[in-house]
Amino acid sequence: MPSTAGDSGFVISDLHIFARSSLYERYLPLLEQAASRHKVVVLNGDTFDFKRSRFSGNSETAREAAAWLSALCLRHPETRFHYLLGNHDCVRPFVDDLRMLEKRCANLRLSEDTLKIGSSLFLHGDVCDLPPGQNDLSILRRKYEQVQRSSLSIAFAQLVTYSRINFVEHLRHTRRALAARIMEYLKAAHPDELASTERIYFGHTHVPFQNFHYKGISFSNTGCAVRGLRLAPLTFPLPT
């Protein structure tokens, strides 16, 4: 019997909500539709962007982000939302807000590193920025936890997107190198989760692809909503 939307989950990453360079508003109807049709929605990191936010600072961005996420959960009470942190939304005040929001919203769960649903594993993908042999994600995240809104970063992002040089993302990362680095990290940090994994979904590198097979596991990247790049959310099977 063919599967229906209710038998599958939906994963999306790198919306970079509130960043001026993001086209996230274009994709919100798609997210709403997915939330109404699927039992599970995974927001796989960098859902919000604190460094390039249009708001005045982290406190205001965190308040707006928590309100946005709370409203989404309330509109779809039958849908389970899993929020994974990325490097652009792991600021501590917001993580604290997420912990409180998790207590108020029965259909919201926060994951700071990985998430396992059946034989599918989700992580944001910033582990790919760790130096070879270093598998402690907290070291990498520490420099992002206290990040503040940066006008210089906003201006640079605008320059990059409007000058069409985002294509360098395609040159920086090969699928094989990304898969190998993620496998190295998971073997070191989450070997039990990796043992029963058939599919891995990640974002962060902003170059979407599907079903790249490496050492018996299928890897997929869901892209990015920033102008000049391509967002490519996917569905995944739920355990029966």
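The values are calculated or read from the model by the stated rules, or taken from the named source; none is laboratory data. Source: prediction; values computed, not measured. Here Cβ is always computed from backbone atoms with ideal geometry, including for glycine, and neighbour counts include all displayed protein chains. Note: areas computed on protein heavy atoms with side chains; ligands, DNA, RNA excluded. Shrake-Rupley method; radii C 1.70, N 1.55, O 1.52, S 1.80 Å.
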**Request:** Return a yes/no flag: does segment 116-132 have any residue that is among the acidic types (Asp, Glu) and either open to solvent by less than 10 Å² (accessible area, probe 1.4 Å) or closer than 21 Å to residue 238 by Cα (or both).
**Result:** yes
**Prompt:** Based on what the data block shows, is residue 101 more than 18 Å from residue 191 (Cα to Cα), out of contact with any helix residue (DSSP H, G or I) (no Cβ under 9 Å at 6 or more places or on another chain) and either surrounded by fewer than 20 Cβ atoms within 10 Å (Cβ to Cβ) or of a type in the set (A, V, I, L, M) (or both)?
**Reply:** no
**Prompt:** Do we find that residue 186 is of a type outside the set (Val, Ile, Thr), assigned to a helix (DSSP H, G or I), modelled with pLDDT of 50 or more and open to solvent by 40 Å² or more (accessible area, probe 1.4 Å) in this structure?
**Reply:** no
**Item:** Hits in segment 189-204 (condition: assigned to a loop (DSSP other than H, G, I, E, B) and closer than 16 Å to residue 113 by Cα)
**Value:** 190, 197, 203, 204
**Request:** Test residue 106 against the criterion of being surrounded by 16 or more Cβ atoms within 10 Å (Cβ to Cβ), among the aliphatic types (A, V, I, L, M) and modelled with pLDDT of 95 or more, and give yes or no.
**Result:** no
**Item:** Members of segment 43-94 found to be surrounded by fewer than 16 Cβ atoms within 10 Å (Cβ to Cβ), under 24 Å from residue 117 (Cβ atoms) and in contact (Cβ under 8 Å) with a residue 40 or more places away in the chain, listed by number
**Value:** 68, 75
**Item:** Unique residue being open to solvent by less than 60 Å² (accessible area, probe 1.4 Å) and at pLDDT 95 or above when the list is 220, 163
**Value:** 220
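Yes or no, residue by residue, for (1) under 17 Å from the mean Cα position of the chain (by Cα); (2) of a type outside the set (Val, Ile, Thr); (3) in a helix (DSSP H, G or I):
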position	(1), (2), (3)
95	yes, no, yes
98	yes, yes, yes
103	no, yes, yes
110	yes, yes, no
121	yes, yes, no
131	no, yes, no
135	no, yes, no
138	yes, yes, yes
142	no, yes, yes
**Message:** Can you tell me which of (1) of a type in the set (A, V, I, L, M, F, W, C); (2) over 18 Å from the mean Cα position of the chain (by Cα); (3) in a strand (DSSP E or B) is the one residue 10 doesn't meet?
**Reply:** (2)
